[in-house]
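What follows is a short report on a single structure.
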Amino acid sequence: MSDDARELTVRLAPGVASLDADQWNALGGHENPFVAHEFLSAMEDSGSVGPGTGWDPVPITITDAEGRLLAAMPSYAKGHSQGEYVFDHSWADALHRAGGSYYPKLQIAAPFTPASGPRLLLSDDSLAEPLLKGAEIVCEQNGLSSAHATFIEPSQIGLFEAQGWLMRSDIQFHWLNRDYDSFDGFLADLASRKRKNLRKERAAAQEGLRIERLMGEDIAPHHWDAFWVFYQDTGARKWGTPYLTREAFTLLSERMGERIVLILAFEDGEPIAGALNFVGSDAIYGRYWGCTRDVRFLHFELCYYQAIDIAIERGLSRVEAGAQGGHKLARGYEPVQTWSAHWLADPGFRAAVADFLEREREGVDADQIVLNMRTPFKRGE
């Protein structure tokens, strides 16, 4: 195909690790840590995605005649719906009952990461159309039922809509920085009773403990060993089997340690809990948490309040603390809609899903109105 006299090639690559890191990151990896070459290649090289995981890397790329990368999407051929956080099991069941096969499907996402970000990595927005058309052709030629782009950066919604992809919304809870100069400045925006509750929670969580934030070379192998124990415990309880391998944390630390904040709580010199965060150009993203001893409110301190502190210190606009969790609401995190886009090969199945999404969206909109009324901020002042 050609565009402005350029000869463009759309193709599948065997993995992000096979592509030039600088060219990939120039398309968006410098802004968002989860589409960075370092993150995605670490998932591949550690065995967290790839053979035996149900996540087979098949990034779709557009290159020019000289082989330069002009556009790309992190995409995976998937044989299940685990690790996505946008639930489509009912769709899979419906297609199966109708005599079709939902799997395999194409997933355009950062693996195991319910954080918003660009799903179309573009040197020019005009390349969105051939890139998405390429995804549709990949599905048609390889017998994939559908393609799904999850946790789309809001600025890219229109690019998917322009190609006729179906849009789906859900709600997460994000903390929004209103130019606060300190945690106390944030607390001043809360109703008096809520403000007192948060102060009590922080004091109770920190009592008798030492809390450290580690970045880059300060994160030693023994810190990751401790966090691996926390991560395995949480993963086993939530998902059955943790998604990431131990090697993944080593590679992430080596390749992008300056974009990681590991927060650990120590009791008598021993780590008892930890939270892992990634830092982007304008947000901090809470990803994993775990503990070996239950301490009241420590989860809130390490995952929510420490992240707020970091966002204020660095002048970041928001904290994205992961999927679900209505308890975040009382801690000053606000309901924000997240978005995914879906292309379905079968016209009848597409029509049924479109009808479902229209009704579902009405419920999401209503939920957000109710949740906004329950935030802990002052009202009428």
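The values are calculated or read from the model by the stated rules, or taken from the named source; none is laboratory data. Keep in mind that this is a model prediction, so the values were computed, not measured. All Cβ positions, glycine included, derive from the backbone under ideal geometry; neighbour counts span all protein chains shown. Just the protein is used for accessible areas: all its heavy atoms, side chains included, with ligands, DNA and RNA removed. Shrake-Rupley method; radii C 1.70, N 1.55, O 1.52, S 1.80 Å.
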(message) Which residue is nearest to residue 31 (Cα to Cα), if the candidates are limited to region 287-337 and must be open to solvent by 30 Å² or more (accessible area, probe 1.4 Å) and part of a strand (DSSP E or B)?
(response) 318
(message) Please go through region 235-271 and give me each residue that is open to solvent by 10 Å² or more (accessible area, probe 1.4 Å) and either in contact with a strand residue (DSSP E or B) (Cβ under 6 Å, 6 or more places away or on another chain) or part of a strand (DSSP E or B) (or both), ordered by number.
(response) 259, 266, 267, 270, 271
(message) Residue under question is residue 109, and the condition is that it be surrounded by 16 or more Cβ atoms within 10 Å (Cβ to Cβ), closer than 20 Å to residue 360 by Cβ and free of Cβ contacts under 8 Å to residues at least 40 places away in the same chain; does it hold?
(response) no
(request) For region 342-378, enumerate the residues that are assigned to a strand (DSSP E or B) and either out of contact with any strand residue (DSSP E or B) (no Cβ under 6 Å at 6 or more places or on another chain) or farther than 23 Å from residue 133 by Cα (or both). (result) 377
(message) Can you pull out every residue in region 202-224 that is touching a Lys or Arg at 6+ places or on another chain (Cβ under 9 Å), free of Cβ contacts under 8 Å to residues at least 40 places away in the same chain and more than 14 Å from residue 251 (Cα to Cα)?
(response) none
(request) State the number of residues belonging to region 266-289 that are of a type outside the set (Asp, Glu), within 16 Å of residue 222 (Cβ to Cβ) and over 15 Å from the mean Cα position of the chain (by Cα). (result) 6
(message) Being over 25 Å from residue 22 (Cα atoms) and either touching a residue at least 40 places away in the same chain (Cβ under 8 Å) or open to solvent by 20 Å² or more (accessible area, probe 1.4 Å) (or both) is the filter here; which residues of region 272-286 pass it?
(response) 272, 273, 274, 276
(message) Give me the strands (runs of 3 or more DSSP E) completely within region 138-222, filtered to those with at least 1 residues that are open to solvent by less than 30 Å² (accessible area, probe 1.4 Å), modelled with pLDDT of 95 or more and not aliphatic (A, V, I, L, M), ordered by residue number.
(response) 146-149, 166-176
(message) All but one of (1) open to solvent by less than 50 Å² (accessible area, probe 1.4 Å); (2) modelled with pLDDT under 95 hold for residue 65; state the number of the condition that does not hold.
(response) (1)
(request) From (1) farther than 26 Å from residue 146 by Cα; (2) under 23 Å from the mean Cα position of the chain (by Cα), pick out the condition that doesn't hold for residue 80. (result) (1)
(request) Could you pull out the residue among 40, 70 that is assigned to a helix (DSSP H, G or I) and either touching a Leu at 6+ places or on another chain (Cβ under 9 Å) or surrounded by 19 or more Cβ atoms within 10 Å (Cβ to Cβ) (or both)? (result) 40
